[in-house]
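Working notes for the structure below.
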Amino acid sequence: IKRNPEFAPLYSNRCATYIKLAEFVPALKDANTCIEIDPDFIKAYARKGTCHHFLKEYHKALKAFDDGIKLDPQNKECINGKHKTITAI
């Protein structure tokens with residue numbers, strides 16, 4: 001990230017690592033940074049939705065998953081995340 005701070009997948013990968021460590025606030029920050037750099041990067045929306053889901057911010061999670069589904073209607077991560085969030089609600 002220090003060498004290439006404008007490369008979105010690096011933030012997405014670090015976000016995934018934070019999610020695995022159950023550190024959802026820094027993961028959400030990385031997901032948002034990734035979306036700012038590349039608004040068409042679908043994994044960032046899936047990971048942002050996952051962060052919001054685990055923070056029990058379900059409506060924000062649904063919005064993030066819906067934004068990802070708008071970009072790619074066949075994205076399984078966003079579709080599955082949306083279904084899990086709806087079930088949790």
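The values are calculated or read from the model by the stated rules, or taken from the named source; none is laboratory data. Computed from a predicted structure; not experimentally measured. For neighbour counting, all protein chains shown are included, and Cβ atoms are generated from backbone atoms with ideal geometry for every residue, glycine included. We work out accessible area using only protein heavy atoms, side chains counted, and drop any ligands, DNA or RNA first. Shrake-Rupley method; radii C 1.70, N 1.55, O 1.52, S 1.80 Å.
A few notes on this one:
- Given LYS2/LYS60; LYS2/LYS76; LYS2/LYS63; LYS2/LYS84; LYS56/LYS76, the pairs whose alpha carbons are separated by over 24 Å: LYS2/LYS60; LYS2/LYS76; LYS2/LYS63; LYS2/LYS84
- Between the Cα long axis of helix 42-54 and the first principal axis of the chain there is an angle of about 60°, rounded to the nearest 10.
- Qualifying trypsin sites (Lys or Arg not before Pro) in region 24-77, DSSP loop, other Cβ atoms within 10 Å at most 12: LYS56
- With Cα atoms, 0 to 90° folded angle of helix 58-71 axis to the chain main axis: 70 degrees
- Counted charge near ASP38, where neighbours are those whose Cβ lies closer than 14 Å (Asp, Glu -1; Lys, Arg +1): -3
- Directionally averaged shadow of the chain, computed from the convex hull of its alpha-carbon atoms, nm²: 5.1 nm²
- Calculated mean residue ellipticity, 222 nm, the chain: -24000 deg cm²/dmol, from DSSP H runs (n ≥ 4) at -39500 (n - 2.57) each, averaged per residue and rounded to 500.
- For region 1-87: relative contact order, % (alpha-carbon pairs under 8 angstrom, 6 or more apart): 22 percent
- Accessible surface of the chain, 1.4 Å probe: 55 percent of it comes from carbon and sulfur atoms.
- Summed residue charge, Cβ within 12 Å of ALA16's Cβ, Lys/Arg positive, Asp/Glu negative: +2
- Seen against the Cα atoms of the chain and their longest principal axis, helix 8-20 is set at about 60 degrees.
- Probe 1.4 Å, accessible area per residue of the chain, Å²: 64 Å²
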